[in-house]
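*Asks:* My questions all concern the structure below.
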Amino acid sequence: MTLGVIGKKLGMTQVFDEQGLAIPVTVIKVDPLTVTQVKTVDTDGYNAIQTGVDADKEKHFTKAELGHFAKNKLENFRHLQEFRVDNPAEYEVGQKIDLSVLDGVAKVDVTGKSIGKGFQGPVKRWNFNRGPMAHGSKNHREPGSIGAGTTPGRIYKGKRMAGNMGNEKVTVAKLTVVKVDNENGLLLVKGSVPGPEGKLVTVVPSRVKWN
């Protein structure tokens with residue numbers, strides 16, 4: 001993962017371009033990240049920086065986590081995340097990383113945890129077609145056959161069935177950057193991003209190469 005930012009999803013609104021057309025955008029509040037650790041090939045086997053955001057009280061952390069922050073006299077951050085970098089020597093512990101890393105970036109990839117929808121059946125979870133709705137039907141929203149009987153005599157792994165839906169890591173690629181407001185720490189991207197309002201999302205320059 002290339003260097004990016006971590007922000008809080010505020011919600012959606014719309015802005016207008018030069019032609020007066022409405023553009024649906026998601027507003028992301030981005031606070032500066034603090035470098036909490038620098039990793040190199042010699043010490044850790046790869047080049048990366050660990051960043052922290054969202055400082056909180058000591059009672060929310062383990063002794064190991066508190067020791068990690070106290071060693072470098074840092075705040076206690078609730079959220080830590082690594083970004084792969086080519087030259088870790090350019091960074092030092094305590095350094096701040098803000099929205100300026102996205103200056104000039106036209107497209108971004110946004111990663112977050114999708115909204116959890118609980119236990120759902122195959123019609124909603126996998127878009128299965130429903131059965132007949134006539135009075136004699138006993139298969140309105142059931143999955144139908146889930147496999148042969150004697151052979152193989154079991155259900156194949158990966159079979160699409162009812163189960164928990166959502167609440168998983170999702171990345172939306174190649175979203176257009178509409179506005180970068182460094183002064184107020186706001187990032188506006190075209191379209192929707194994963195997760196409910198108030199949750200953290202990671203924004204990095206897009207790695208998708210197709211047009």
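*Asks:* What pairs come out if I take residues in the stretch 138-162 that are over 25 Å from Gly118 (Cβ atoms) and pair them with residues that are modelled with pLDDT of 90 or more and aromatic (Phe, Trp, Tyr) whose C-beta lies under 9 Å away, six or more apart or interchain?
*Replies:* Here the result reads Gly147/Tyr156, each pair linking the stretch 138-162 to a residue that is modelled with pLDDT of 90 or more and aromatic (Phe, Trp, Tyr).
*Asks:* In the list Gly20, Gly67, which residue meets the criterion of being out of contact with any His (no Cβ under 9 Å at 6 or more places or on another chain) and closer than 26 Å to Lys179 by Cβ?
*Replies:* Gly20
*Asks:* Check Gly67, Gly52, Gly20 and return the single one that is more than 28 Å from Asp103 (Cα to Cα) and out of contact with any helix residue (DSSP H, G or I) (no Cβ under 6 Å at 6 or more places or on another chain).
*Replies:* Of the residues listed, the single one that is more than 28 Å from Asp103 (Cα to Cα) and out of contact with any helix residue (DSSP H, G or I) (no Cβ under 6 Å at 6 or more places or on another chain) is Gly67.
*Asks:* Would you please name the residue that is surrounded by the fewest Cβ atoms within 10 Å (Cβ to Cβ), looking only at residues in the stretch 30-70 that are over 20 Å from the mean Cα position of the chain (by Cα) and among the acidic types (Asp, Glu)?
*Replies:* Here the residue is Asp42.
*Asks:* May I ask you to list the residues in the stretch 71-82 that are surrounded by 17 or more Cβ atoms within 10 Å (Cβ to Cβ) and more than 23 Å from the chain's Cα centre (by Cα)?
*Replies:* Correct list: Leu74 only.
*Asks:* Have a look at Glu92, Glu75 and point out the one that is touching a Phe, Trp or Tyr at 6+ places or on another chain (Cβ under 8 Å), modelled with pLDDT under 95 and more than 22 Å from Leu187 (Cα to Cα).
*Replies:* Going through Glu92, Glu75 in turn, just one is touching a Phe, Trp or Tyr at 6+ places or on another chain (Cβ under 8 Å), modelled with pLDDT under 95 and more than 22 Å from Leu187 (Cα to Cα): Glu75.
*Asks:* Working carefully through the options Val105, Val85, Val101, find the one that is surrounded by 10 or more Cβ atoms within 10 Å (Cβ to Cβ) and in contact with a Pro (Cβ under 7 Å, 6 or more places away or on another chain).
*Replies:* Val105
*Asks:* Mind listing whichever residues of the stretch 83-100 are in a strand (DSSP E or B) and either more than 17 Å from the chain's Cα centre (by Cα) or closer than 14 Å to Val5 by Cβ (or both)?
*Replies:* Passing the criteria: Phe83, Lys96, Ile97.
*Asks:* Also, I was wondering about something else. Which of the residues that make up the stretch 109-160 are under 30 Å from Val203 (Cβ atoms), out of contact with any Pro (no Cβ under 6 Å at 6 or more places or on another chain) and surrounded by 10 or more Cβ atoms within 10 Å (Cβ to Cβ)?
*Replies:* Asp109, Val110, Thr111, Lys113, Gly116, Lys117, Gln120, Lys124, Arg125, Trp126, listed by residue number.
The values are calculated or read from the model by the stated rules, or taken from the named source; none is laboratory data. What you are looking at is a predicted structure, and each value in this text was computed from that prediction instead of being measured. We place every Cβ from the backbone using ideal geometry, glycine too, and count neighbours over all the protein chains shown.
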